[in-house]
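Every read-out reported here was derived from the displayed coordinates using simple, explicitly stated rules and does not represent laboratory data. Computed from a predicted structure; not experimentally measured. Please note: Cβ atoms are built from the backbone with ideal geometry, for glycine as well, and neighbour counts cover all protein chains shown.
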Amino acid sequence: MERPTFKPPGTPVKELDTPALVLDLDALDHNLNTVHSFFQGRTAKLRPHVKAHHCPTIARHQLAVEGTMGGICTAKVGQAEVFVQHGFTDVLVANEVVVPSKINRLCALAREARITVAVDSAENVEDLSQGAQTQGVTLRVLVDIDCRLHRCGVEPGAPALELARRIHRAPGLDLAGIMAYEGCLLHDNPEALAAETREAMIPVLHTKELLLRDGLPVETVSVGGTHNYEILGAMEGVTEVQAGSYALMDLSYVPYRPQLKPALKVLGTVISHPEEAIAVVDVGQKAIGADIELPIVEAVPGATVSRLSAEHGILNLEGPARNSLDLGSRVWMVPHYAEVCINLYNYVNATRQGRLEAIWEVSARGRFD
């Protein structure tokens with residue numbers, strides 16, 4: 001990857017070339033300390049999901065804060081490869097891996113790290129077993145249980161038990177336990193969130209008991225996310241929570257997780273002001289993403305993003321915003337979905353108290369394979 005020209009450490013953040021992806025390290029530290037402190041001293045631990053940021057340096061910061069179980073979680077084999085190459089030795093690929101070439105790559109990683117993978121079909125069990133035997137490695141396997149989302153996963157209860165038996169018998173595979181993801185639950189009412197979370201987890205924990213009564217090992221029960229980490233982290237029977245968004249934070253979480261702060265922003269510049277009520281910035285879809293909702297403008301009351309094209313962002317200006325932006329003015333924009341935004345960049349500017357502290361490579365960006 002060609003390394004662009006960077007500003008030196010100590011540069012005031014407002015002097016960065018734009019569009020600039022900026023990570024506020026004070027906000028990142030706050031988020032890590034807030035969430036990790038919940039898991040300190042508990043049986044259940046945090047397994048950071050690195051698909052939220054794709055950055056090994058951020059992951060190292062996560063694992064350095066007490067409260068994790070010492071490993072990470074990825075969504076794809078390609079992401080796992082990048083993080084193993086950067087020295088991570090415990091990786092859960094929280095997804096099904098079924099293509100022979102990817103199974104071969106997964107098994108190759110098992111020579112260098114403890115690799116765990118999710119499974120929801122007997123056919124996949126056989127393929128993983130064959131791949132592991134061929135390469136002389138052992139893969140840890142979690143039975144993926146569909147508890148609410150209706151995406152991947154086997155039905156809880158008897159179907160999950162039968163699949164677990166197959167895994168336990170399969171050469172080259174080590175039945176590690178079970179996994180489930182109920183989807184992102186967002187509630188204004190904490191009691192409603194707790195009730196829906198527990199409703200989703202009851203069949204998962206019941207399945208765990210079925211496996212144990214059958215004499216099968218269940219070392220790991222891996223569930224949840226940022227939306228309900230404190231509920232699942234306190235539930236008996238859960239061993240780890242897969243949370244990722246908490247580190248950078250997404251705007252969708254802000255109303256429901258007010259204790260956390262958006263740490264990732266894009267700095268833009270006003271490049272045109274064709275009308276009193278309209279300003280154009282150099283932050284378009286290529287620089288911030290817009291797959292769910294539009295980003296917001298920070299610290300300019302009355303300024304809103306009306307639309308994005310590939311290279312431009314169009315701001316509507318009302319009230320005091322009409323007189324607060326000139327050509328060349330710097331504007332902070334907060335992406336709605338942080339992990340889509342950071343995936344657009346090769347590097348992120350890590351800043352503290354308004355000055356550039358370091359530049360970190362987003363090493364696993366674009367690794368969807």
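A few points about this structure:
- By the helix-only formula, in which each DSSP H run with n ≥ 4 contributes -39500 (n - 2.57) and the sum is divided by residues, the chain has a 222 nm mean residue ellipticity of -8500 deg cm²/dmol.
- Based on C-alpha pairs under 8 angstrom that are at least 6 apart in sequence, region 207-247 has a relative contact order of 36 percent.
- Expressed per residue, the C-alpha convex hull volume of the chain stands at 138 Å³.
- Each Cα pair under 8 Å and six or more residues apart adds its sequence gap; the mean of these over the residue count of region 94-206 is a relative contact order of 25 percent.
- Where only alpha carbons of region 144-217 are counted, the Rg and the Dmax (Å): 13.9, 47
- Global size of region 70-238: 15.8, 51 Å for Rg and Dmax (C-alpha atoms, Rg to one decimal, Dmax whole).
- Within the chain, the selection of entire DSSP H helices by a Cα span of 18 Å or greater along the long axis and an average Kyte-Doolittle value of at least -0.5 returns 25-39, 190-213.
- Once you reduce region 312-369 and region 108-130 to the center of their Cα atoms, the two points are 38 Å from each other.
- When you filter the trypsin sites (Lys or Arg not before Pro) in region 117-221 for DSSP loop state and at most 16 other Cβ atoms inside 10 Å of their Cβ, you are left with 151.
- Violating pairs (Cα-Cα greater than 24 angstrom) within the set 208/261; 45/76; 265/286; 7/51; 14/51; 51/102: 208/261; 7/51; 14/51
- Under the criterion of Cα pairs below 8 Å and six or more residues apart, the relative contact order for the chain equals 21 percent.
- Taking the C-alpha atoms of region 68-156, convex hull volume expressed per residue in Å³: 96 Å³
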